[in-house]
Amino acid sequence: MINGGVTYTDRGIVQNIRAMRMQTVLMGITNENVVGFDKIGYQRKIPVVSSFAEFIGEDAISTTIDDSVGRLGLTKNPLDIALAEKGYFQVLTQDGIKLTRDGRFKLTKDGQLLTLDGAKVLNDAGQPLVLPILPEKLEDISIDLNGVVRVLDNKNRKFELAGTLSVVTQDGVAVLAPNVRQGYSEFSNVNLQSEFMQAMPYTKTFDANRQLFQIQNTNLQKVISTLGS
């Protein structure tokens, strides 16, 4: 008795599909960076591809954060604060303490400093920063390069200490010289030209795998059609 059959190896087609999905994820990361170009405090995401990506596929892709300083823009708003060094403001949200480089703050009627989202800005003791007196105007608030916040008491013409902004690293270690800039906002650290240049290999690799997939798929259909006849 003669045994016959057809053995189909799907490695080529599967790898092409896996590769296309990987390039799609990589393009998505690049697109996210481009969208975040004009966002205050946005930090560029860097794709990281681990070993054995040809077998793991898109699960081999993770991201890390580019913590370099972004573009500083003058706003002249005393409650717009930017960091000219690496680090993050500590803020207290409903979900706990978070880190942010978005230093656009606002002042409540009871003297608390809040982010635009309503999170409480923390001092270097881990407590919400509250001004000892309410200023007559925002220009009466002074913040130096070390993040020390003072407010002018117009009655005695003296500055009262309110506290020091908590500026820490990603690991929660205090930044000793944060180089705080009052009246500035930090835009993203995204370079559009670099992002567009990085996207080109992703697009070319995707197209190459798509063409190979179409060729293999066409050949497989021909084989099946021939065997069926």
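The values are calculated or read from the model by the stated rules, or taken from the named source; none is laboratory data. These numbers were taken from a predicted model, which means no experiment stands behind them. Positions of Cβ are generated from backbone atoms using ideal geometry, with glycine treated the same way; all protein chains shown enter the neighbour counts. Accessible surface areas use protein heavy atoms only, side chains included; no ligands, DNA or RNA. Shrake-Rupley method; radii C 1.70, N 1.55, O 1.52, S 1.80 Å.
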### Query
(1) free of Cβ contacts under 8 Å to residues at least 60 places away in the same chain; (2) closer than 29 Å to residue 126 by Cα: which one isn't true of residue 194, the others all being true?
(2)
### Query
When region 149-173 is examined, which residues are found to be closer than 18 Å to residue 69 by Cβ, among the aliphatic types (A, V, I, L, M) and open to solvent by 20 Å² or more (accessible area, probe 1.4 Å)?
173
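Quick check on residue 92: is it touching a Lys or Arg at 6+ places or on another chain (Cβ under 6 Å) and aliphatic (A, V, I, L, M)? First the steps, then the outcome.
Values: touching a Lys or Arg at 6+ places or on another chain (Cβ under 6 Å): yes; aliphatic (A, V, I, L, M): yes.
Judged against the criteria, residue 92 is a match.
Touching a residue at least 60 places away in the same chain (Cβ under 8 Å), surrounded by 14 or more Cβ atoms within 10 Å (Cβ to Cβ) and of a type in the set (Phe, Trp, Tyr), is that true of residue 89? Walk me through it before giving the result.
Details: touching a residue at least 60 places away in the same chain (Cβ under 8 Å): yes; surrounded by 14 or more Cβ atoms within 10 Å (Cβ to Cβ): yes; of a type in the set (Phe, Trp, Tyr): yes.
Answer is yes for this residue.
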